[in-house]
1. Expressed as a whole percent, how much of the Cα-Cα distance distribution for segment 1-152 exceeds 19 Å?
2. Taking only the C-alpha atoms, wrap a convex hull around segment 218-345 and report its volume per residue in Å³ as a whole number.
3. Short version: ³J(HN,Hα) in whole Hz for each residue of segment 348-356, in order, from phi by Karplus 6.51 cos²θ - 1.76 cosθ + 1.60 (θ = phi - 60°), x for Gly and Pro, what are they?
4. How much space per residue, in cubic angstrom, does the convex hull of the C-alpha atoms of segment 355-433 take up?
5. What is the Cα centroid distance between segment 176-190 and segment 448-466, reported in whole angstrom?
6. Testing the spin-label approximation: label points 7 Å from Cα along Cα→Cβ at GLN322 and ASP170. State their distance in nm.
7. In nm, what is the difference between 0.36 nm times the number of residues separating TYR67 and GLN419 and their Cα-Cα distance?
8. Only Lys, Arg, Asp and Glu count, each charged at its Cβ (+1, +1, -1, -1), so figure out the dipole size of the chain about its Cα centre, rounded to 20 debye.
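All of the numbers you see were taken from the coordinates with simple rules; none came from a lab. Keep in mind it's a predicted model, so treat the numbers as computed, not measured. All Cβ positions, glycine included, derive from the backbone under ideal geometry; neighbour counts span all protein chains shown.
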Amino acid sequence: MIQVKNITGGYDKSPIVDHVHFQVNRGEFFGVVGPNGSGKTTLIKLLNGVLPLWEGEVIIDRQPLEYYGRKHLARKVATLPQIQQSFFSYNVYETVMMGRYAYQSGFIKQPNERDKEVTEKVLEKTGLVDMKFLPLAHLSGGERQRVYLAQALAQEPDILLLDEPTNHLDFSYQKQLLDELKQLSLTNHLTVVSIFHDLNIASLYCDRLLLIDQGQITKVGKPEEVMQKPLLESIYHSSIDVHPNPTLSSPQMNLLPNYFLDRTKTTIKSELVEATEEKVLVRTPQLLKTFSSAVMGGGFGWYRNFINYHVDKSFHCEFPTQFMIEKCQQWELPEHDTLAMMTAAYLPDYSERYFKAEGMSILILVTAGLGNAVDVVHGDKRVKEHQPGTVNTWVFIDGHLSEQAFIQGIVTATEAKTQAFSTCGIKDPLTNTSATGTSTDSIMIASTQTGRQLEYAGPITFLGSKVGQMIYEATKEAIERYMERMKT
């Protein structure tokens, strides 16, 4: 569709785009990204002929750019610049209708029925019907941007060139606009070449990305090929974290600020624990990154209030998350800062372990009850019941964990809990085989993400060996306390 062959161009005698070569396929949503001053806007101007080529050529549908006359090119290629200015008092409808100029003939250009039909359709698609008779001067910057996009779409082009199309648009209109453009590329085979400053948005919508720096291509490829941490950090000269989108396959980027938290103070301490018969509560001075199976706050998240709430063994609730939200409101704990679990265990019998070393500390809390002990191998022999978990395990770490360390830590902690069950000789009452836990146990790892870097938490690593030993001891102690209580 578009072949860019070794083009060079710029302003005065200084080349801004220098020997650039790439291809855009028909119906592709193609993103151009790069830092300010890298040549993105100049590249678009060379593609649409606004700037002359110094070297190389641009080929559109197997014909060089100079092959197309002005009107012919306008039917093939539409452009939405970054900044549009209007010095005339046109209204929205009139402005969008100007996009039909390339299809009108005669000395006095008059729109025909087809022009009107296309204009009305584009106004509807871009959400401008209700304001079509308003003067442009009465619109906000974002609204005017939508009008000029509608004007470009009214040209019914095969190719749409966009320079930061979401500039001035709020979140909802950004999504609406890009959803529409993506749909046009998928169903109408519209070829979209767009400049983006926001790499995350570009990753979500673009089939491929071109990363340009200092007028030259650094990388062209799928978003996951271009959005690589070392590459982006070298181009943008910033600390950047690249991670998978939790919902889609598109990679997402986080900028990492240069300010640092105080890494010398230990924030994980036993003194943070408050225990009553109603709940065990830990409040930390800073938000902790968590990975858990909690009723409220499960998965990855950031929290500073941690609740283990006692419920009766007969407790049943269809909406446990809402139940805990209401409890947090009673306790005046903000739900967005709070992670919560439930247990049928007697909370004052919780067991605790604490370890401190240079640059790291660990706090382990375990509550345990054995009323519904189960052998995981024979779990299918049980009737599904909504019972609260009776062994809840909390791991607080004053350190900086990698994501794999979180997951390895969960595995290590689970193995340690199972070993404690074995040592204590706990049986599944249904099968009389060794129990591996209870039917709905829950676990959490929380980290300050400051201090010592902890890449791994397997059983033979420094972190994993400490966590495993402490959880084994704490779980064993909590089970023994439970069994002792059951004797009375």
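1. Looking at segment 1-152, the distances longer than 19 Å represent 62 percent of pairs.
2. With only Cα atoms used, segment 218-345 gives 145 Å³ per residue.
3. For segment 348-356, the Karplus curve yields x, 8, 4, 10, 9, 9, 9, 9, 9 Hz.
4. Residue-normalised Cα hull volume stands at 121 Å³.
5. Here the answer is 46 Å between Cα centres.
6. 2.9 nm
7. 119.0 nm
8. Approximately 660 debye in magnitude.
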